[in-house]
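Presented below is the structure to which this report refers.
The values are calculated or read from the model by the stated rules, or taken from the named source; none is laboratory data. Keep in mind that what you see is a predicted model, and the values were worked out from it rather than measured. Neighbour counts run over all protein chains shown; Cβ positions are idealised from the backbone, glycine included. Side chains included, ligands, DNA and RNA excluded: accessible areas come from the protein's heavy atoms. Shrake-Rupley method; radii C 1.70, N 1.55, O 1.52, S 1.80 Å.
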Amino acid sequence: MTDTLIAPTVELTVAERSALPRPDRRTLGRLAGWYAVSRVVVWTAVLGGWTLRPELSLDALVRRLDASWYIDIARLGYVGQPATPDVLDAVGNSVLRGAFLPLWPMLIRGLPVPGVPLEASATVLVMVLGFGVVVGSWVLVAHLADREAADRAALLVSFFPGSVVFSIAYAEALMLCLVIGCLLALQQRRWLVAGLLAALATATRPNAIAIVAACAWAAAVAFRREGDKGGVIAVLLAPLGVLGYHGFLWWWTGRADAWTLTQHNGWDERVDFGARNLDRMSMLARWADPDPGTVLLGIGLLVLLVGAWAMWRWRPPGELVLYAAGVIGLALVARTLGLRPRFLLTAVPLVWALGVWLRGEHFRAALLASTGGLAALSVLYIVGSAAKP
C-alpha cells in the first residue's frame, strides 16, 4: 500500500532522547490554525444543536453532563458524607461529587478568567489546555517519527470526535497535557519530572492510572539496557495522586470505600469485565438496539481495531503501547463506559499511530470522517444524553 508509512522501532541514544524537537513559529501558527478551525466546527455544531433545544440557557449549555459536576466542586467543594443510599435520600446528589478527582476543579477555582462567570472561565481554560494537547502531540510524534507525521497526528487530535471535550469543562484536556508531559519526560529519562507529572495526572482522572504502567515499563527498559535505576522514582511517585485522593475521601467521609460507593450508588458503575459491553455489541450486530450510544460504541470498536493495527505497524516505545492499552482496558471492563470517543482520545497514542501510518488519500479520508464525527457528536452532546462523549 503506497499510502501507508511503516516506521520501525528505532533505538535512541541518550543524547537523541534529550534533544526534543521544538515547533518553530510557523509550526505553532499552523497548529493554532488547525485547532482554531476544529473549535469552530464544535461550536458551530453546538449552536446549531442549540436551536433544537431552545429551552437550554447559555449557562446550561456549558454545564452539560460531567461539566456541571466539576464546576460545582470548584465552587462548593466535596460533601463530607459517603454516598450510601440513606445519605443520598437525605442529602441528595451533592454527595456524588466524590466520584470526580480534584485537580481539574482546583485549577478551575484557582485560575478564573477575571470578570467572567466560572462556567465560561472553565470553558476558556479547557480550550487552552486542548491546544496544549495538540502541541504536545506534535512534539512527541516528531521526536519518535518525523515532522510530517507529527503534523498529521496533531490534525487528527484536533479533529478527533472525542476532542469535543476540549470545548466543555471536562478533565481530559488537563489529564492529557500531564500524560503527554510524562511520556516526553520518560523519553528523556527525566524520572523525577515524569513521576511528578504522572502523580498530577492520576489526581485528574481515574483512567490516568494507566500512566503508572507506562512509567514501570520505561523504568524496566532503562534498567535492563543501561543499568539506570532512577526509574523507580517515577514508578513510586506516579500513583500518589489517586492514592492521595482516596486517602482524603477516607478521612473526609469516614469510609475507605467512599469512591466505590459513589460510583455504585450514583451511576450503577462497577467492573463486570466487559459483559454489558459485549451484550450491547451483540445487540448492535443484530440491530436490536440501534440507539446513538450503542452505535457510537460500535464505531469506537472499529476505530480501536484500526488504531491498534496502526500502532502495530508503527511500533512505538512500549510505554506508549501500555498506556493506551491500559486506558482502553479500563473502559472495556467498566459496566457503563465502553469505547466512547473521549476514552479513545484519552488513549491518545492510538490517534498518533493513525497519523503516523495513514498518508495521502487515506489520511484525508480519515480526517474528513473525523471532522464529520466531531460535528455530529457536538450536536448529540446538546440535543440529548443518549450518546455521551
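Quick one: which helices (runs of 4 or more DSSP H) lie wholly within region 241-346 and hold at least 1 residues that are at pLDDT 95 or above and of a type in the set (A, V, I, L, M, F, W, C)? Can you show your working first?
Details: elements: 258-267, 275-285, 292-314, 318-333, 341-346.
Where helices (runs of 4 or more DSSP H) fall fully within region 241-346 and carry at least 1 residues being at pLDDT 95 or above and of a type in the set (A, V, I, L, M, F, W, C), they are 292-314, 318-333, 341-346.
Quick one: which of Val141, Val62 is of a type outside the set (Lys, Arg), more than 30 Å from Phe363 (Cα to Cα) and surrounded by 17 or more Cβ atoms within 10 Å (Cβ to Cβ)? Lay out the reasoning, then the answer.
Numbers: Val141 fails: more than 30 Å from Phe363 (Cα to Cα).
So the residue among Val141, Val62 that is of a type outside the set (Lys, Arg), more than 30 Å from Phe363 (Cα to Cα) and surrounded by 17 or more Cβ atoms within 10 Å (Cβ to Cβ) is Val62.
Going through region 233-242 one residue at a time, which ones are over 19 Å from the mean Cα position of the chain (by Cα) and either open to solvent by less than 10 Å² (accessible area, probe 1.4 Å) or without any contact (Cβ under 8 Å) to a residue 12 or more places away in the chain (or both)?
Correct list: Ala234 only.
Would you mind finding the one in Ser38, Ser68 that is within 30 Å of Tyr245 (Cα to Cα) and surrounded by 14 or more Cβ atoms within 10 Å (Cβ to Cβ)?
Values: Ser38 fails: within 30 Å of Tyr245 (Cα to Cα).
Checking each option against the conditions leaves just Ser68.
Name the residue, out of Thr336, Thr346, that is open to solvent by less than 10 Å² (accessible area, probe 1.4 Å) and polar (S, T, N, Q). Quick ask: steps written out before the conclusion?
Numbers: Thr336 fails: open to solvent by less than 10 Å² (accessible area, probe 1.4 Å).
The conditions single out Thr346.
Test Arg152 against the criterion of being in a helix (DSSP H, G or I), basic (Lys, Arg) and open to solvent by 10 Å² or more (accessible area, probe 1.4 Å), and give yes or no.
yes
With the condition kept exactly as written, say whether any residue in region 380-387 is under 30 Å from Leu56 (Cβ atoms), modelled with pLDDT of 90 or more, out of contact with any helix residue (DSSP H, G or I) (no Cβ under 7 Å at 6 or more places or on another chain) and open to solvent by 40 Å² or more (accessible area, probe 1.4 Å). Working first, answer last.
Step one: of region 380-387, the residues under 30 Å from Leu56 (Cβ atoms) are 380-387.
In the following step, the residues that additionally are modelled with pLDDT of 90 or more were identified as none.
The answer is no; no qualifying residue exists.
Report yes if Asp89 is surrounded by fewer than 13 Cβ atoms within 10 Å (Cβ to Cβ) and either part of a helix (DSSP H, G or I) or touching a residue at least 24 places away in the same chain (Cβ under 8 Å) (or both), otherwise no. Lay out the reasoning, then the answer.
Working: surrounded by fewer than 13 Cβ atoms within 10 Å (Cβ to Cβ): yes; either part of a helix (DSSP H, G or I) or touching a residue at least 24 places away in the same chain (Cβ under 8 Å) (or both): yes.
Spelling it out, Asp89 is indeed surrounded by fewer than 13 Cβ atoms within 10 Å (Cβ to Cβ) and either part of a helix (DSSP H, G or I) or touching a residue at least 24 places away in the same chain (Cβ under 8 Å) (or both).
Quick check on my filter: what residues within region 108-117 are touching a residue at least 40 places away in the same chain (Cβ under 8 Å) and either surrounded by fewer than 20 Cβ atoms within 10 Å (Cβ to Cβ) or among the basic types (Lys, Arg) (or both)?
Of region 108-117, the ones touching a residue at least 40 places away in the same chain (Cβ under 8 Å) are 108, 117.
Listed by number, the list holds a single entry, Pro117.
Could you go through region 220-227 and let me know if any residue there is of a type in the set (Gly, Ala, Ser), open to solvent by 20 Å² or more (accessible area, probe 1.4 Å), in a helix (DSSP H, G or I) and within 25 Å of Val141 (Cα to Cα). Steps first, answer last, please.
Step one: list which residues in region 220-227 are of a type in the set (Gly, Ala, Ser), which gives 220, 222, 227.
Filter once more, keeping what is open to solvent by 20 Å² or more (accessible area, probe 1.4 Å): 220, 227.
Narrowing further to those that are in a helix (DSSP H, G or I): 220.
Keeping just the survivors that are within 25 Å of Val141 (Cα to Cα) gives 220.
Yes, region 220-227 has at least one match.
Any residue in region 122-148 that is within 13 Å of Ile168 (Cα to Cα) and at pLDDT 95 or above sitting within a Cβ distance under 8 Å of a residue that is buried (at least 21 other Cβ atoms within 10 Å of the Cβ) and among the polar types (S, T, N, Q)? List the pairs, counting only those 6 or more apart or interchain.
Val126/Ser167; Met127/Ser167; Gly130/Ser163; Gly130/Ser167
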